[in-house]
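Inspection log for the structure reproduced underneath, given as structure tokens.
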Amino acid sequence: MTGGGGTMKHVAVFVFPGYGHVNPTLELTRTLLALGHRVTYVLDEHLADQAAATGARVVSYPTQRARLGSGAVTGEDIGSLGLSFLRECMDVVLPRTLEAFADDVPDLILYDLESFFTARNAALAWNRPTVQMYAYAATNETYSLALEVFDGAGANIGRCIELVSEYLEAKGESPDALMPFLTNYDDRNLVLMPRWFQPHGETFDDRYAFVGHSLAQEVPGSGTWTPPAEAERSVLITLGTEVNDHPEFFRMCDTAFADGGWHTVLALGRESLPGDPPAGGHVELHEWIPFHTVVPNVDAVVCHAGMSTMLLALYFDKPLVIVPYSPEEKVSGRMVEQLGIGRTLLPEDVTADSLRAAVEQVTTDPEIRRRVSRMRMHLLAEGGPSRAALLVDDWLNAPPAEDAPVWAPHAGRVATEIS
């Protein structure tokens, strides 16, 4: 039995192989396991240990995916990455999935948009319900993140559409099946951020559950990092795990906070420590550091607009300075400015002086601090992983839907009862 009185069920999780996609699901998984359910990830072998540490089972596969790297990331870059992952899903992930679950079919599938091909084909093969997750801005009939992110990616997107069309045709589907199958949302959608942060949030109906955040309520070690006694103020600076090969930016941060009583924590990314570290004692360098240990005791967070980092900062009532390198990050940076919870500086415009001025502003402006506190209240009020897990628990135990999901190729397909 589960905590809600239902029977133990099995949830499959499909997410894109990136830290920003996997990490937001981990606390939800822990909570589902605490409710008595089983969870199985289908995941790149390089990230398998993170998921396995929750207690979930992991079906792993080899991947050739590379980081986006350095420089400004364009829509074309993201489109190329999407095309590569779609091919990998077709050739590796879907066959591995169908084989691994042959004798243990899950009761429900959680998936992100990038994993649509594997998740939806598996759902059709098993006749199981689906829930789409968003660790970033969601999409509906009114607002599409893809239209902002994929500008300039026409050729790659066109090839993705061709590949899916060819696949469906080979499966005997009519041409009319293509566009529904490519729909960027589902009938049930779990959004792991506050509605307040969603562009055009007022247009999202009850098909979308905004749960505020995906952070654990209590994490051992939170706040254990402390700044040096002589530091008057401190700031955490990171560009995340994907587009962090910017040594010139980190050198500029060293200059920006060389005086004024600032202590700077720089998280440079794995294998990115310089051979000639800064000589000043005001800078603390890490390849990586658990942010929950640091954020409670800094005055501000400078980041690339990674959703997990931003929500962690807001969770601990810290203002933001955003330096976005990708189209998706620029969308989030725009929201930070519109909501008045921080500042956004474009990489081509940022200087040591402008960065220092932005951090000084967000840490001293009472209106920004008030808005940060208000956003924190929204974030907490929406329930986080506990509410997300209870929603999934309800969906697991709900009667079967009478209609096919919005993306299903077969109009009128009726799901059988979840066993």
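The values are calculated or read from the model by the stated rules, or taken from the named source; none is laboratory data. Here the structure is a predicted model, which is why all the values come from computation and not from measurement. Neighbour counts are summed over all protein chains in view; Cβ atoms, including those assigned to glycine, are modelled from backbone coordinates with ideal geometry.
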- [ ] Please tell me if GLU329 is modelled with pLDDT under 95 and either crowded, with 16+ Cβ neighbours inside 10 Å or touching a strand residue (DSSP E or B) at 6+ places or on another chain (Cβ under 8 Å) (or both).
- [x] yes
Task: Considering residues of the range 21-54 that are out of contact with any strand residue (DSSP E or B) (no Cβ under 8 Å at 6 or more places or on another chain) and not in a helix (DSSP H, G or I) only, the residue surrounded by the most Cβ atoms within 10 Å (Cβ to Cβ) - done: LEU35
Open item on the list: Going residue by residue through the range 180-188, is there one that turns out to be assigned to a helix (DSSP H, G or I) and either at positive phi or in contact (Cβ under 8 Å) with a residue 60 or more places away in the chain (or both)?
Closed with: yes
TODO: Out of ASN140, ASN156, report the one residue that is within 24 Å of the chain's Cα centre (by Cα), within 19 Å of PRO327 (Cα to Cα) and in a loop (DSSP other than H, G, I, E, B).
DONE: ASN140
- [ ] State yes or no: is ARG369 among the basic types (Lys, Arg) and without any contact (Cβ under 8 Å) to a residue 40 or more places away in the chain?
- [x] no
Open item on the list: So, in the range 345-358, how many residues would count as being surrounded by 13 or more Cβ atoms within 10 Å (Cβ to Cβ) and free of Cβ contacts under 8 Å to residues at least 24 places away in the same chain?
Closed with: 3
Open item on the list: With the condition being over 21 Å from GLN198 (Cβ atoms), I'd like the helices (runs of 4 or more DSSP H) fully within the range 287-358 carrying at least 2 qualifying residues.
Closed with: 291-294
TODO: May I ask you to list the residues in the range 192-243 that are part of a helix (DSSP H, G or I) and either under 16 Å from ALA381 (Cβ atoms) or touching a residue at least 60 places away in the same chain (Cβ under 8 Å) (or both)?
DONE: ARG195, TRP196, PHE197, GLY201, THR203
TODO: Name, by its number, the condition in (1) hydroxyl-bearing (Ser, Thr, Tyr); (2) within 15 Å of the chain's Cα centre (by Cα); (3) closer than 28 Å to VAL406 by Cα that does not hold for THR118.
DONE: (2)
TODO: Please give the number of the condition GLY212 fails out of (1) modelled with pLDDT of 95 or more; (2) under 22 Å from TRP407 (Cα atoms).
DONE: (2)
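Let's see how each residue does on (1) farther than 21 Å from GLN64 by Cα; (2) assigned to a helix (DSSP H, G or I); (3) at pLDDT below 95; (4) touching a Pro at 6+ places or on another chain (Cβ under 7 Å):
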| position | (1), (2), (3), (4) |
| --- | --- |
| THR97 | no, yes, no, no |
| ASP103 | yes, no, no, no |
| LEU110 | yes, no, no, no |
| SER115 | no, yes, no, no |
| ALA119 | no, yes, no, no |
| ALA122 | yes, yes, no, no |
- [ ] Working only within the range 369-408, note down all residues that are surrounded by fewer than 20 Cβ atoms within 10 Å (Cβ to Cβ) and more than 27 Å from LEU33 (Cβ to Cβ).
- [x] ARG369, ARG370, ARG371, SER373, ARG374, MET377, HIS378, GLU402, ASP403, ALA404, VAL406
Task: ALA389 vs. criteria of a type in the set (Gly, Ala, Ser), within 30 Å of PHE117 (Cα to Cα) and modelled with pLDDT under 95 - done: no
